Amino acid sequence: MATLDQGIASDDGRTPAQYDRSTHWISRQLEAGLPFGVGGEFLTGVVKFALVWDLLAAAYVLTQWRAASTSFLVAGALFLAWVNVAPALIWYYDKSVLPRFFAIAYQLVVDADELERIAETYNRRFATVRPLFALFWGLGFLVAGVFAIPLFETQGMVGDGRVFLWTTLAFGAYVGAVLGEAGFSAVVTTVLCIREISTVEIDIKPLHPDGLGGLGAIGYFAIRTTVLWSTASLLSPLAFQMASASLFDEAILLVTATYIGTILFSFVYPTLKINRQAKESQERILAELRDAYVELERELETADDDRERLGHRLDLQRLRNRYDDYATVQLYPMQTAILTRLIGSVLLPLGFLVLELYLPNSL
């Protein structure tokens, strides 16, 4: 069976650029670059969205390192690392994952005009800032930080280090409202987009190189969104420490279970939806082939000469072969490459959970 990337390589001449209809404001900032043409999207994202926080973190370490524990510094470094890479990941989803999906889904959706409408809708949806998401994540991070003030105070954020308590709270609100909003919006966009595609007529291609009847496009879209969302696992170690300090140890398990649930949901729900639609299309096609086969058998019985009977037998064989192709095609977009990425996405937060529960004093 072809790998995921090999299976989606052919797109009938459609390019992702044709489906890049809108641009998220973070992507515009990254593509605008830095003064004097310095750096690419990644470096631009670091400078524009993380540099201030990097400098504040450096100042904290230089002035409070005696009071801060190694485990807290490592957890904070992982958190900050995600903040540095998140803008580039948002840009990657916006300018590569989303438009490329529509370019390869062109082979799957029967009505090209309907695909154009869906592409326009969901490009615009992701490019539009969702104030509710920003408020939810920004306020959520801020409230979590307020509850964890006792933890921060044990890490030197008192006295002359008190300023770092306020910058830490501001940092949490910023991460939730800006980066959390965009990341969560990508997950919601993927789920809603595939759900809508599951309501339109799709064209199953039993001999498609992806080995999935053309559904590799769905697997491509869902698993890349899932992997991008799973990178937020880098926030887990600090979240675990905050939960332990402010609430109870069971909160760590609850947070991890909830997060893993969202990771699995971002892949399983949309792929199950498209699988159900593909199954319905498969059953309809198989029913049409069975009816055609029965009709040909009747014509064979009433055929007058050998040449006509031979033609009918050849037609029956072709129908049987086509029926077998449609009956045996795999219609759930899962391959080894996809499964590996999905398992990795789940293992990442689980790994941090194991470290937090069983190696609490090792750092």
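Descriptive notes on the structure:
- Any chance residue 119 is closer than 30 Å to residue 154 by Cα and hydrophobic (A, V, I, L, M, F, W, C): no
- Residues that are in contact with a helix residue (DSSP H, G or I) (Cβ under 6 Å, 6 or more places away or on another chain) and hydrophobic (A, V, I, L, M, F, W, C) were ranked within the stretch 145-158; the one that is nearest to residue 67 (Cα to Cα) is 157.
- Number of the exception - residue 230 against (1) at pLDDT below 85; (2) open to solvent by less than 10 Å² (accessible area, probe 1.4 Å); (3) small (Gly, Ala, Ser); (4) part of a helix (DSSP H, G or I): (1)
- When every residue of the stretch 93-107 is checked against the conditions, at least one turns out to be in contact with a His (Cβ under 9 Å, 6 or more places away or on another chain) and over 21 Å from residue 185 (Cα atoms).
- Being out of contact with any Pro (no Cβ under 8 Å at 6 or more places or on another chain) and without any contact (Cβ under 8 Å) to a residue 12 or more places away in the chain holds for only one residue in 158, 109, 129, 61, and it is 158.
- Criterion (over 18 Å from residue 176 (Cα atoms) and surrounded by fewer than 20 Cβ atoms within 10 Å (Cβ to Cβ)) met by exactly one of 30, 78, 73, 51: 73
- Spans of helices (runs of 4 or more DSSP H) in the stretch 106-172 with at least 1 residues of a type in the set (S, T, N, Q) and open to solvent by 50 Å² or more (accessible area, probe 1.4 Å): 149-154
- The listed residues are 240, 221, and the only one of them that is more than 15 Å from residue 100 (Cβ to Cβ), of a type outside the set (Val, Ile, Thr) and buried (at least 19 other Cβ atoms within 10 Å of the Cβ) turns out to be 240.
- Scanning the stretch 81-105 for residues that are open to solvent by less than 10 Å² (accessible area, probe 1.4 Å) and not hydrophobic (A, V, I, L, M, F, W, C), we see that the one that is nearest to residue 47 (Cα to Cα) is 87.
- Every listed requirement among (1) open to solvent by 40 Å² or more (accessible area, probe 1.4 Å); (2) out of contact with any Leu (no Cβ under 6 Å at 6 or more places or on another chain) is met by residue 315 save one, (2).
- Hey, residue 217 within 30 Å of residue 54 (Cβ to Cβ), out of contact with any His (no Cβ under 9 Å at 6 or more places or on another chain) and of a type in the set (Gly, Ala, Ser) or not: no
So that you can scan it fast, the table gives a plain yes or no per residue for (1) in a helix (DSSP H, G or I); (2) modelled with pLDDT of 75 or more; (3) open to solvent by 70 Å² or more (accessible area, probe 1.4 Å); (4) on the phi > 0 side of the Ramachandran plot:
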site: 260; (1), (2), (3), (4): yes, yes, no, no
site: 298; (1), (2), (3), (4): yes, yes, yes, no
site: 303; (1), (2), (3), (4): no, no, no, no
site: 307; (1), (2), (3), (4): yes, yes, yes, no
site: 311; (1), (2), (3), (4): yes, yes, no, no
site: 325; (1), (2), (3), (4): yes, yes, no, no
site: 341; (1), (2), (3), (4): yes, no, yes, no
site: 346; (1), (2), (3), (4): yes, no, no, no
site: 353; (1), (2), (3), (4): yes, no, no, no
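- Residue 186, sole failed condition from (1) open to solvent by 40 Å² or more (accessible area, probe 1.4 Å); (2) assigned to a helix (DSSP H, G or I); (3) within 16 Å of residue 87 (Cα to Cα): (1)
The values are calculated or read from the model by the stated rules, or taken from the named source; none is laboratory data. Since this is a predicted model, take the numbers as computed values, not measurements. Cβ atoms come from the backbone with ideal geometry, glycine included; neighbour counts cover every protein chain shown. Quick note on the areas: whole protein, heavy atoms, side chains included, nothing else; ligands and nucleic acids left out. Shrake-Rupley method; radii C 1.70, N 1.55, O 1.52, S 1.80 Å.
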